[in-house]
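Below you'll find the structure, written out as structure tokens, and then a few comments.
The values are calculated or read from the model by the stated rules, or taken from the named source; none is laboratory data. These numbers come from a predicted model, not from an experiment. Cβ atoms come from the backbone with ideal geometry, glycine included; neighbour counts cover every protein chain shown. Heavy atoms of the whole protein, side chains included, go into the accessibility calculation; ligands, DNA and RNA do not. Shrake-Rupley method; radii C 1.70, N 1.55, O 1.52, S 1.80 Å.
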Amino acid sequence: MTLEEALEFVESILQAKTGKQLTAPEKEILKAAWDNETYSTVADRLYMSVGHIKDLASRLWKRLSDLLDEKVTKNNFRRLLLEQSNNYHIEDPKGNILIVDALVENLHFLNDILTKQGYKVRRVTNGTMALKTVRNLPPPDVILLDIKMPDIDGYQVCSTLKADAETSDIPIIFISALNEVFDKVKAFQVGGVDYITKPFQPEEVIARIETHLTLQQKKHKLRQQIEQHQKTTEILYQSHALLTSLLNSSRDGIAAMQAVRDLVTGEIEDFRYLLVNPVFAKLLGKQREKLTSKAGQKKLLNRLAPGLLEKFVQVVETGEPLEQELGWETDTGKKCYDLIAVKLGDGFSITVREVRD
């Protein structure tokens, strides 16, 4: 528990029981008690007399003792709150739970149940403090929300949280006494996911929280997977667009071919095009769609240069690149080209560049 959480807890109890909030001097007194500072330090900080600070402190400890049913002093204030909130020392809590209940007895009971199960718990006694606490980090994984509260009821709290994009996904479990009027339909309409009736059964509380935590974790994991898929798709799209642009703007003929193997022997008997850029297709005098739609390049390859198919097979089988000059018959006459083939998976990539000199 931090000092801010301690002040928040004390203020929620004061507001629920007395309708009042901590004054600025009272907060400084509690801060001094938490940090083991003297009243003189508080007096200097607030430009007040030490006597006045001691009088304020005496009345404050008396009020807190009455509210907590235990003697509270400057010396034991921090220890008492830490004992009541030992869940803050859990290194790896199973989940963060916010309990909103006007009755301090219920807060203590639920806190004991959940902290023993390894949960980190924050507790407030009214709707206003609940809305404020939800936005503190870390946000709660599940909220146990009382219906009947002194300021705004649980339905209004739930509606407010569900209307905010930052808190709309937090599961809210309503809690209500058996003798209270509890509109279950309204509870679900405003965004509640479940409800528990008082008196609480520890097994039921734990089971319902674990159920909704599991659902929330699965939802979160699915959302992460969707986001990752979207990122991957975007990267692939951009990469494809970049590759297409480079291939289409290249002055060299570029293609990628995959081996066609005999199903029995596994030997390469032909190749088929995976990718062909416009320059390469033009050199062959073929349309790109026709080149990539079918296999059967053996005859064409050997017609370009005797034994060229076998050389490409060696590139695939050995991984050794091939560099060769070719005399290529085109529509404008015979031209000389440099050919480079490099192994690519179970095939190869080929680059053809005209030799102009």
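So here's what we get for this one:
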| item | result |
| --- | --- |
| P(r) of the stretch 86-169 over all Cα-Cα pairs, binned every 5 Å from zero, in whole percent | 3, 16, 27, 25, 17, 10, 3 |
| Length-normalised contact order for the chain - Cα pairs under 8 Å, 6+ apart - percent | 9 |
| Contact order normalised by residue count of the stretch 48-175, Cα under 8 Å, 6+ apart, percent | 20 |
| Cα-only radius of gyration and Dmax that characterise the stretch 312-351, units Å | 12.1, 36 |
| Ranked order, CYS158, CYS336 - accessible area, probe 1.4 Å, largest first | CYS336, CYS158 |
| The chain: antiparallel DSSP beta bridges as a percent of all, rounded to 5 | 60 |
| Kirkwood-based Rg to Rh ratio, the chain, C-alpha trace | 1.38 |
| Nearest-ten-degree value, helix 24-35 long axis tilted from longest Cα axis of the chain | 70 |
| For the stretch 189-228, convex hull of alpha carbons as volume per residue, Å³ | 59 |
| Charge dipole magnitude, Cβ of K and R +1, D and E -1 - the chain, Cα centre, debye nearest 20 | 620 |
| Whole-Å semi-axes of the ellipsoid equivalent to the stretch 223-304 (Cα gyration tensor, √5λ, descending) | 31, 21, 8 |
| Simple Cβ-charge dipole of the stretch 123-166, Lys/Arg +1 and Asp/Glu -1, about Cα centre, in debye nearest 20 | 80 |
| The chain - accessible surface per residue (Å², probe 1.4 Å) | 56 |
| Percent of alpha-carbon pairs separated by more than 26 Å within the stretch 187-326 | 55 |
| With every protein chain in place, the chain: carbon and sulfur % of accessible area (1.4 Å) | 52 |
| Relative contact order of the stretch 230-357, defined on C-alpha pairs under 8 angstrom at six or more residues apart (%) | 23 |
